[in-house]
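A short write-up of the structure that comes next.
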Amino acid sequence: MPRSEITIDLGAVRQNARTLLRALDGAELWAVVKANGYGHGAVDVARAALGAGATALCVATVGEALVLRRELAGIRIVVMGPASSRETAQARDAALELVVTGGELPEGLPLHVKLDTGMGRWGLSELPQLSPQVVGLMTHFASADCDAAFTELQVERFAAATAPYSHLTRHAANSAGALRHPSARFDAARCGIALYGLSPFGEDAAADGLEPALSWRSELAAVKLLEPGESTGYGRRFVAERPTWIGIVPVGYADGFRRGLTGTEVRVAGELRRVVGTISMDAFAVELDRELPPGAPVVLVGPDVPLESHARVAGTITYELACGIERAPERARRVVVDADGRD
Ligand SMILES: *Cc1c(COP(=O)(O)O)cnc(C)c1O
């Protein structure tokens, strides 16, 4: 076994896409696969989502879109972030669609005009004169995961501003909007986090019918007994009060197991065990209740060990943890599983 193994289950991605399509009740699902598919692998996830009924892909940069375009001809790809003039030319050549948030509307490629209805980031406060290139109008929610009233206000502002253009594709919802705000469906929803089976609300993903696509496994590389007063890790932040068995897992913050995860739980030989001491670049320690053999299996993310719990401990969101899981083959093995077996 390599130091650790990351498994991406494309069957789960398809399942989540179908769950979102049911929630969207006729609106299109556009799969957001920016940041290499939230760390899951953009091309694999894109193929799975398209196979399950998604009708377009959304990314943040022209560079990300070009990577997808090489693998996926003829699929709609929308670049949501800003593009330089050089990137606009590349986008035209690659038949991409761009989002515009001000300035002159570029020519020769399909455009989506973005309105700022309360996000306070990219976007225009009013619609400009639209050109025939404009195929879509969009906005983005600031707090669809936690503030229903503000989200509804954004929906109302967007609906009012775009009412004369209902022949264009209007899209507003992210995952949280798609799952909780029927009024936000319009013609299409841009969903990321839920596609990966992670809860946009930071809660139990299963409550929304979502199935995590990513799991992460390793095994104990060493097991040792700390006598009272002995410690493990940098800074001696965990000192044994009584004879304590600890296991060393060969995964650290360079692999994406963040330094803030001290105190979280992972599953060791089937049981939840606490991560103790400072997480190093390449290793962390778990407190055991007995001696276990080196090689005992460790589940870092998987059944009973949801990314949402780690995010709570680390004071962050699953988005950030997922993007940070390092998949370099020198550090971890990545396995893609499909419903029909392994690729
Ligand atoms: C990232 C992003 C999304 C997807 O958000 P999720 O919460 O992951 O569903 C949608 N729209 C825009 C503009 C984004 O940047």
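Each reported figure results from applying straightforward, stated rules to the coordinates on display, with no laboratory input. Just so it is clear, the structure is predicted and the values come from calculations on it, not from any experiment. Cβ: placed from backbone, ideal geometry, glycine included. Neighbour counts: every protein chain shown.
Observations on the structure shown:
- For the stretch 214-337, the pair-distance distribution built from all alpha carbon pairs, in bins 5 Å wide starting at 0, is 2, 11, 22, 25, 20, 12, 5, 1, 0, 0 percent.
- Spherically averaged projected area in nm², based on the convex hull that wraps the Cα atoms of the stretch 1-74: 5.9 nm²
- Taken over the Cα atoms of the chain, the convex hull encloses 145 Å³ per residue.
- Rounded to 5, the percent of DSSP beta bridges in the stretch 154-311 classed as antiparallel: 95 percent
- Anisotropy class of the stretch 10-197 from Cα gyration tensor, a/c 1.5 cut: oblate
- Contact order normalised by residue count of the chain, Cα under 8 Å, 6+ apart, percent: 19 percent
- Rounded to the nearest 20 debye, the dipole size of the stretch 44-122 about its Cα centre is 120 debye, using +1 on the Cβ of Lys and Arg and -1 on the Cβ of Asp and Glu.
- Contour minus Cα-Cα distance for Arg274 and Arg312 (0.36 nm per residue): 12.2 nm
- Fraction of alpha-carbon pairs over 22 Å apart in the stretch 154-230 - percent: 49 percent
- Per-pair calculated FRET efficiency, R0 = 41 Å: Ala296 and Leu72 via Cβ, rounded to 0.05: 0.50
- Distance between the modelled labels on Ala142 and Glu211, one decimal in nanometres: 3.8 nm (7 Å Cα→Cβ projection).
- Inter-centroid distance (Cα atoms) of the stretch 153-215 relative to the stretch 249-319, Å: 31 Å
- Full extension of the segment from Trp122 to Lys224, taken as 0.36 nm per residue of separation minus the current Cα-Cα distance, would add 31.4 nm.
- The spread of Cα positions in the stretch 192-261, taken along each principal axis and listed from longest to shortest, comes to 46, 21, 19 Å.
- Tilt relative to the chain, helix 42-51 - C-alpha long axis, 0 to 90 degrees, to 10: 60 degrees
- The stretch 83-142 shape via C-alpha gyration tensor axes, a/c threshold 1.5: prolate
- Computed FRET value (nearest 0.05) for Arg327 with Glu156, which takes r as the C-beta separation and R₀ as 45 Å: 0.60
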